Amino acid sequence: MRRFRLLIPGLIAVSLLLTACTPSPAVIARPMGSPLNVGALLSLTGSQSASGQMAKEGYLFCQDWINGKGGVTVKGKGHPLNIDIADDQSRPSIAASTTEQLISQNHDTLLLGATNDATAARAAGVGEQHQVPMVSSGASSDAIFNSHYHWFFSVAAPRSRQLQGVIDMALAQDPKPQSVAILFASDSLSAEVANATAGYVQAKGLNLVYGTSYPSGVNDLSDQLRTAAGAGLDLLLEVGHQAESIRTIQQAQQLNVQPKLLAFSDGPGASRFTAVLRKSANYAVGTTQWAPAARNRTSYFLDSFHYSLAYAARFGHLPDQHAAAATAACLTLEVAIERAASTAPEQVRKALTDIDLNTFYGEIKFDDRGANAVKPVYVQQVQAGQTVLIWPPEIASARPRYPDPGWAKR
């Protein structure tokens, strides 16, 4: 899988390799049935539009792939898949009314989406009311799953596990860390992750020496960094947003705060993170639901490598975690329909509760809350200016670089 490190900078090479390397779906001659309409709720405009647009591409890729192999098979007939896309404008209230429209006016009795936690929280209730299954590509908040909806499922790993892989990775290194400090933004989702992470830190026998919140969008974290450093931390974990992660790196360097590992929920992996920080970004660790280099075992569809090649040829750029999750959600719904041998909502819902699928995105298996309980959140690290996957070992493309050698050696 080292091929990825060569291919990612140049999409010309991707396109040249596509014809030779990418398997096409097998087209099986079968009687054709009527089109299968599936509603999809996406944030195509508004604050979450960047991830929503990537999710749209992920759904369209899946639609094309399924139709290229003859459609969704139900009782021997191939049904062309038509994804009926609607924009929730990144607004929860609009998400609720748009979901209602997809069900009541468009008569979509199977749904994909929503593509973020805020809109999913509202859409899930509408789907539950109408008893229409929804497979989300973007919901990860445990607050949604803990509502125990019967008709809502998400392929993403729960948010409460976002930094567990970072801790597991660090504990597998030599010397093992002993102490942890956690900084987190004051919004509810960041607090949710921070609280879950604190519990995991203590369950693993580590000493939580400091934990504090800061206002979202804060420009100065120097006081928190000084206090954390004074507490004798080995690991500094920050749950927040990309701009705050960048500021933390900058101020930690200015103050010469040097833990064995700096890890963030958002930042490493984003092009702006490395563009702004340059060499200072090296050794920083972040998390992601998926990356093109993920070496996941597959039982259906393409592997990550060939998916990324085909996607790049279709859209002119590589898929990110949002696009991959959308493709995975679409494939999961397709498999559930085929295993149910029906498009009836109740039968598809039952098939979703029983599904256990190995995909390029990771294993997909839902617990009784509709959460994908088996998929880990992956850990990535900036190494020599490039972001590489380092954990879990079975999917990694590079080894962790630990402990951090210090600011002067970047």
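The values are calculated or read from the model by the stated rules, or taken from the named source; none is laboratory data. Please read these numbers as outputs of a predicted model, since none were measured by experiment. Don't worry about glycine lacking a Cβ; one is built from the backbone with ideal geometry, like all the others, and counts go over all protein chains shown.
Scanning region 253-274 for residues that are closer than 22 Å to ALA384 by Cβ, surrounded by fewer than 22 Cβ atoms within 10 Å (Cβ to Cβ) and among the aliphatic types (A, V, I, L, M) turns up just one, ALA270. Each residue in region 254-282 was checked for being among the polar types (S, T, N, Q) and not in a helix (DSSP H, G or I), and 4 pass. Applying the criterion of being in contact with a Gly (Cβ under 6 Å, 6 or more places away or on another chain) and not in a loop (DSSP other than H, G, I, E, B) to the residues of region 283-309, the residue that is farthest from PRO400 (Cα to Cα) is THR288. Say whether the condition of being at pLDDT 95 or above, aliphatic (A, V, I, L, M) and part of a helix (DSSP H, G or I) is met by at least one residue in region 159-167. Within region 159-167 (the criterion being at pLDDT 95 or above, aliphatic (A, V, I, L, M) and part of a helix (DSSP H, G or I)), the answer is yes, since at least one residue qualifies. LEU44 falls short of the stated requirement of being modelled with pLDDT of 95 or more, crowded, with 19+ Cβ neighbours inside 10 Å and either in the same structural domain as LEU318 (by TED's automatic domain parsing) or farther than 26 Å from THR288 by Cα (or both). Against the definition (assigned to a strand (DSSP E or B), within 15 Å of ILE182 (Cβ to Cβ) and either touching a Phe, Trp or Tyr at 6+ places or on another chain (Cβ under 9 Å) or not aromatic (Phe, Trp, Tyr) (or both)), how does GLU238 come out, yes or no? Answer is yes for this residue. Being surrounded by 14 or more Cβ atoms within 10 Å (Cβ to Cβ), part of a loop (DSSP other than H, G, I, E, B) and modelled with pLDDT under 95, is that true of even one residue in region 207-216? Among the residues of region 207-216, at least one is surrounded by 14 or more Cβ atoms within 10 Å (Cβ to Cβ), part of a loop (DSSP other than H, G, I, E, B) and modelled with pLDDT under 95, which makes the answer yes. Looking at THR73, THR115, THR109, just one residue is out of contact with any Cys (no Cβ under 8 Å at 6 or more places or on another chain), of a type in the set (S, T, N, Q), in the same structural domain as ALA340 (by TED's automatic domain parsing) and under 27 Å from LEU189 (Cβ atoms), and that residue is THR115. Considering the conditions (1) crowded, with 17+ Cβ neighbours inside 10 Å; (2) modelled with pLDDT under 95, LEU236 is excluded by exactly one of them, (2). Tell me, which residue of region 310-355 that is part of a helix (DSSP H, G or I) and acidic (Asp, Glu) is surrounded by the most Cβ atoms within 10 Å (Cβ to Cβ)? Looking at the filtered set, the residue picked out is GLU334.
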